[in-house]
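The structure under discussion appears below in the form of structure tokens.
The values are calculated or read from the model by the stated rules, or taken from the named source; none is laboratory data. Not measured: the values here are computed from a predicted model. Here the Cβ positions follow ideal geometry from the backbone for every residue, glycine too, while neighbour counts run over all protein chains shown. The accessibility values were calculated without ligands, DNA or RNA, using every heavy atom of the protein model including side chains. Shrake-Rupley method; radii C 1.70, N 1.55, O 1.52, S 1.80 Å.
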Amino acid sequence: MRGVKNFGVSVFLLLGWGTPSFALEWKKHAIIPSGKGGINGVSASDFDGDGEIDVITSVGHQVIVLQGPDWKKFPVHQFVDGLSRNKPRAACIHSCLMDVDGDGDMDFIGSNNTVFWLECPAEPFSGKPWKYRTVDDEILGTHCVITGDVNRDGKLDIIANSGREPNATKFPNSIAWLEVPDKPQSAPHWKRHIFADQDAPGGSHYMGFGDVNGDGRPDISCAAKGTNGFIRGQWFAWWEQGEDPTTVWKKHLLATDEEGASNIIPADFNGDGVVDYFATRGHGKGVLWFRGPKFKQIEIDEEIAFPHSLAIADFNGDGYLDAVTCGKEVDGVAKWYENDGAGKFTAHVIGKNQGSYDTRAVDMDRDGDLDVLIAGHGSGNVVWYENSSIVK
């Protein structure tokens with residue numbers, strides 16, 4: 001037994017699960033079949049409390065909720081001009097979930113030239129729109145929205161990047177954390193705190209959240225692609241939170257000249273009690289990790305193309321954190337990387353010919369293990385892969 005880390009194994013044994021089986025591919029289930037519109041983000045929750053997982057995404061100038069298990073489609077918001085100072089695109093570039101108003105259900109956080117939230121109502125599938133409210137429409141180029149309790153007040157905040165140049169926003173090449181106001185239903189905007197002040201250039205992408213240096217204060221990591229016209233990118237870095245989280249934080253570069261850098265998430269991958277980073281080059285090639293505390297760079301998979309999405313979870317129930325990613329183009333490959341507990345990762349293909357901008361680890365079928373939910377950017381679909389890493 002491995003103490004706390006053995007919890008997942010204990011659960012699996014109690015349920016009669018045991019021998020790992022690494023099938024070439026996991027069973028693929030379509031929630032939204034492939035179409036013309038790119039789908040960039042997807043999240044899941046039981047919005048109506050019926051015990052079934054529901055899915056929320058944006059495509060075709062609207063946010064839609066798909067009610068499980070039959071995936072009936074309910075549009076809950078239309079993207080139209082006039083709701084903020086910015087004209088929306090056809091879909092969010094990223095999104096996540098958060099209980100903004102503290103009523104016990106998950107609300108939708110989206111980035112579509114404006115960071116906004118949609119309030120989940122008591123009857124989410126009534127056919128009526130969810131109430132729209134602006135979070136921040138002055139930061140621009142928000143490619144990622146994640147949540148975390150930045151100032152340790154017991155309430156979640158939003159972390160969002162502002163990746164445009166000075167000619168587009170007064171917060172260029174920056175990253176902010178956005179604090180929920182006391183009355184989020186009536187506040188015109190959230191409390192904005194710029195912690196990375198103009199030192200996140202080059203098309204900043206996805207972020208990670210967690211205490212890296214052991215001082216009890218959560219830090220924030222990010223990567224920048226530096227391709228497709230963006231300059232001064234190609235890096236992985238993290239920002240160290242000081243005593244006052246509302247001031248500018250100290251930036252630490254982990255690596256430069258990393259073509260297409262896009263994702264970086266902190267966790268202890270080798271069981272030494274020190275935080276490491278798992279990373280991908282979503283606009284280039286390769287999956288890698290940085291071993292703490294000196295963050296030695298170790299390549300895991302140098303061949304995978306455009307691994308634009310990343311999720312960290314224990315997929316096979318052995319108590320160790322694994323990773324999953326998927327290429328962003330229509331011929332993308334989805335892989336999960338099995339961690340042996342010492343930071344040695346073995347790649348397993350779970351699917352092919354699937355594009356992805358967003359990947360989530362979710363128990364979609366409520367069978368006790370984590371499946372893989374994907375928003376198919378290039379594929380124009382939403383799918384989930386049924387976990388087959390454990391024989392049940």
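Couple of notes before you dig in:
- Taking θ as phi - 60° and the Karplus parameters 6.51, -1.76 and 1.60, the scalar couplings of region 279-287 work out to 9, 9, 10, x, 10, x, 9, x, 10 Hz in sequence order, x denoting glycine and proline.
- Computed [θ] at 222 nm, deg cm²/dmol, the chain (DSSP H ≥ 4; -39,500 (n - 2.57); rounded to nearest 500): -500 deg cm²/dmol
- Per-residue surface analysis assigns Ile93 an accessible area of about 30 Å², computed on protein heavy atoms at 1.4 Å probe radius.
- Arg360 accessible area, assembled protein chains, probe 1.4 Å, Å²: 60
- Using Cβ point charges alone (K and R +1, D and E -1), the dipole size of region 238-293 about the Cα centre works out to roughly 220 debye.
- With a Förster radius of 41 Å applied to the C-beta separation of Lys250 and Asp331, the computed FRET efficiency comes to 0.50.
- Between His29 and Arg89, residue separation times 0.36 nm minus the direct Cα-Cα distance comes to 18.8 nm.
- Accessible area (Å², 1.4 Å probe, nearest 10) - Lys335: 40
- Loop-exposed GluC sites (Glu not before Pro) per DSSP, neighbour cap 15 Cβ within 10 angstrom, longest uninterrupted part of the chain: 53-242
- For the chain, built as a Gaussian network whose Cα springs stay under 10 Å, the top-fluctuating residue of Arg192, Arg85, Arg133: Arg85
- Proximal charge balance of Phe74 [Cβ under 10 Å; K/R count +1, D/E count -1]: +2
- Ignoring lysines fewer than eight residues from Lys155 along the same chain, the ones with Cα atoms less than 26 angstrom from its Cα are Lys131, Lys183, Lys191, Lys250, Lys251.
- Amide H contacts under 5 Å for Glu258, placed H, 5+ residues apart: Trp235
- The simple Förster model, with R0 at 41 Å and r as the Cβ-Cβ distance, assigns Asp46 and Arg232 a FRET efficiency of 0.45.
- Extension gain, Leu156 to Asp340, is 63.0 nm, computed as 0.36 nm per intervening residue step minus the present C-alpha separation.
- Exposure ranking of Val333, Val287 by accessible area [1.4 Å probe, largest first]: Val333, Val287
- Within a Gaussian network of the chain (alpha carbon springs, distance under 10 Å), most fluctuating of Asp46, Asp182, Asp101: Asp182
- Estimated at 0.36 nm per residue, the fully extended path between Asp365 and Lys183 surpasses their Cα-Cα distance by 61.9 nm.
- Counting only protein chain heavy atoms and rolling a 1.4 Å probe, the accessible areas of Asp81, Asp157, Asp105, Asp48 rank, largest first, as Asp81, Asp48, Asp105, Asp157.
- Under 5 Å from the amide H of Ser309 lie the amide H atoms of Cys326, each residue being 5 or more positions distant or on a separate chain, with H modelled from the backbone and absent for Pro and chain starts.
- Under 14 Å from a label point set 7 Å out along the Cα-to-Cβ vector of Lys36, the amide N atoms of region 58-73 belong to 60-61.
- Global form of the chain, assessed from the alpha-carbon gyration tensor, a/c cut-off 1.5: rounded
- Backbone geometry of region 141-152 corresponds, through the Karplus equation with coefficients 6.51, -1.76 and 1.60 at θ = phi - 60°, to 3J(HN,Hα) couplings of x, 7, 8, 8, 10, 10, 10, x, 7, 5, 9, 6 Hz, x marking Gly and Pro.
- Listed residues Pro75, Pro188, Pro307, most fluctuating in the chain (Gaussian network, C-alpha, under 10 Å): Pro188
- Computed label-point distance, nm, for sites Asp272 and Lys170 using a 7 Å Cα→Cβ extension: 4.6
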